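Inspection log for the structure reproduced underneath, given as structure tokens.
Computed from the coordinates by the stated procedures, all read-outs in this text should not be read as laboratory data. What you see is a predicted model; the values in this text were computed from it and never measured. With ideal geometry, Cβ positions are generated from the backbone for all residues, glycine too; neighbour counts draw on all protein chains shown.
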């Protein structure tokens, strides 16, 4: 069996392993704490309401679809999968590794692992040329959309992870108010959404931002300025998502 064949077997195992570790993390749970309980320790304002994390269910469904799609005989010589399959296998290891580090409270180590996961997904996204290459409906739903959703959420999760880790290290934010820092992070999030609109017109990616920003607005309702900023960002991201569905103008 060549390396391509090995990859086609390992990717479903990687996806299954990621889902299994996530199950252990929240239902065993690892170290006696579920993921949300640990998150709630940190008084970080760039955190969405708990229901927002249900997006992992959609992401995992997408990854299962991706694993099945790449295993089909018709995709044996798929160029994009050949260029990204091993990267996708590694995302499973990074995801599972992050969960263990988070649950065993090795917070500073969660940041490089999360960044590694982010970089791997960016490489997959770029190599698949998502948003710029026309593909079949099956490939769009089973490959491009799952990667877009995963990358979109990890972009948001990386910001939240770094914020929580800095809080755990008692960083004082250089004396700048947490509210100001959070508004700056919300601005960065909206700018990233705008960039993806202009560069990729990726609806799935933008909808993740709508979901996350609205969730921050709900969670931080006691902080009027942050809640307003988050809801404003969610509306802007929603408008960007709608813009991707409109036909492109031609000269």
Using only Cα atoms, locate the centre of region 26-56 and the centre of region 191-210, then give the distance between them in Å, rounded to an integer.
-> 25 Å
Listing 248, 201 by rising number of other beta-carbon atoms within 10 angstrom, fewest first, gives 248, 201
Dimensionless Rg/Rh of the chain - Kirkwood Rh, Rg from C-alpha atoms | 0.98
Counted neighbours (other Cβ, 10 Å), sorted fewest up, put 246, 120, 88, 28 in the order 246, 28, 120, 88
Helix-only [θ] at 222 nm, the chain, -39500 (n - 2.57) per DSSP H run of 4+, per residue, nearest 500, equals -24500 deg cm²/dmol
Global size of region 129-194 as Cα Rg and Dmax, reported in angstrom | 16.7, 52
Principal axis dimensions, largest first and in whole angstrom, of region 119-251 by Cα | 50, 29, 25
Least to most buried among 139, 37 (fewest other Cβ within 10 Å first) = 37, 139
